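What follows is one structure encoded as structure tokens, with my remarks underneath.
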Amino acid sequence: MTNLPEPHHFAHVTDWVFDMDNTLYPHDTNLFSQVDVRMTSYVSELLQLPRDEARKVQKQFYQDYGTTLKGLMECHNIDPDDFLAKVHDIDYTWLKPDPLLGEAIARLPGRKFIYTNGDRKHAENAAAQLGILDRFDDIFDIVAAQLVPKPERAPYELFYKQCGINPQKAAMFEDLARNLVVPKTTGMRTVLIVPNNFEPDFSEIWESDPAFTDHVDFVTDNLTEFLTALHP
């Protein structure tokens, strides 16, 4: 399911920004499930809770603070470096190398960035396993964002400043519509990545993000196909 763009829709773009998880690799790879399990374990050990209760707490942190990490920092003053190291200690061989995606990214004119709510090491490991790490100019991670996650406005502004990005000449690719609100309102072209063969009613594409539909310019379940349509 892809609403393919015409090249002129992105002709002005000089900076290409990609989320990492469930964006640069397919949702059905299920890699992030490993991170999710480790976050639940972290909460369980920290708060001495059974796993089912710990998972509820973890998800509440995500809802209330944007990331489990931010919730744990705000409520329990944890060491963020310890958390990030433990939850990203996963098996990256679940990801299959994707040379076609790498070629499609390489053909895009201008600079390419990964902007993730995870840490740099996680993004580097995942991109390296995909075989696309060398296609990117830089990675902006949760540490660079001063531990403030998307979709809050402050880290986007910091990202623009640190990387010299004019959002009116940039495009953002994300799997969460809420994370495209700031990019859209600051002038970016926005693309929502949905799971492969995701065929519900259009209104269901946004899952828990119905208020943010106006901030999505394009929807695709095939990033490589989408990018190839821009620059064959």
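The values are calculated or read from the model by the stated rules, or taken from the named source; none is laboratory data. Owing to the predicted nature of the structure, the values given are computational and were not obtained by experimental measurement. Every residue, glycine as well, gets a Cβ built from its backbone with ideal geometry; the counts of neighbours run over all protein chains shown. When the accessible area is computed, the model is the full protein with side chains, heavy atoms only, and any ligands, DNA or RNA have been set aside. Shrake-Rupley method; radii C 1.70, N 1.55, O 1.52, S 1.80 Å.
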task = Have a look at Leu31, Leu101, Leu49 and tell me which one the Gaussian network model of the chain (Cα, springs below 10 Å) gives the largest fluctuation.
result = Leu49
ask   = For the pair Val143 and Asn77, how long in nm is the line joining their label points, each one 7 Å along Cα→Cβ?
value = 2.3 nm
ask   = So what is the accessible area of region 31-88 per residue, in Å², with the probe set to 1.4 Å?
value = 55 Å²
query = Ignoring ligands, DNA and RNA, what percent of the 1.4 Å accessible area of the chain is carbon and sulfur?
reply = 49 percent
remark   = Here the relative contact order (percent) of the chain, from C-alpha pairs under 8 Å and at least 6 apart, is 28 percent
Low-density loop positions, trypsin sites (Lys or Arg not before Pro), region 12-57 - DSSP coil, at most 12 other Cβ in 10 Å = none
note = To the nearest 20 debye, region 31-88 has a Cα-centred charge dipole, built from +1 on Lys and Arg Cβ and -1 on Asp and Glu Cβ, of 200 debye
request  = Give, rounded to the nearest 20 debye, the magnitude of the charge dipole that the chain has about its Cα centre when Lys and Arg contribute +1 at Cβ and Asp and Glu contribute -1 at Cβ.
outcome  = 500 debye
task = For the chain, with a Gaussian network of springs between Cα atoms less than 10 Å apart, report the residue from Asn179, Asn125, Asn117 with the top mean-square fluctuation.
result = Asn125
query = Based on the Cα atoms of the chain, what semi-axes does the equivalent ellipsoid have, where each is the square root of 5 times one gyration tensor eigenvalue, given in whole Å with the largest first?
reply = 29, 18, 18
key: Gaussian network model of the chain, springs between alpha carbon atoms under 10 Å - residue of Asp15, Asp138, Asp79 with greatest fluctuation   = Asp79
inquiry  = Can you tell me how region 31-88 classifies by the Cα gyration tensor, rounded, prolate or oblate, using a/c under 1.5 as the rounded cut?
reply    = rounded
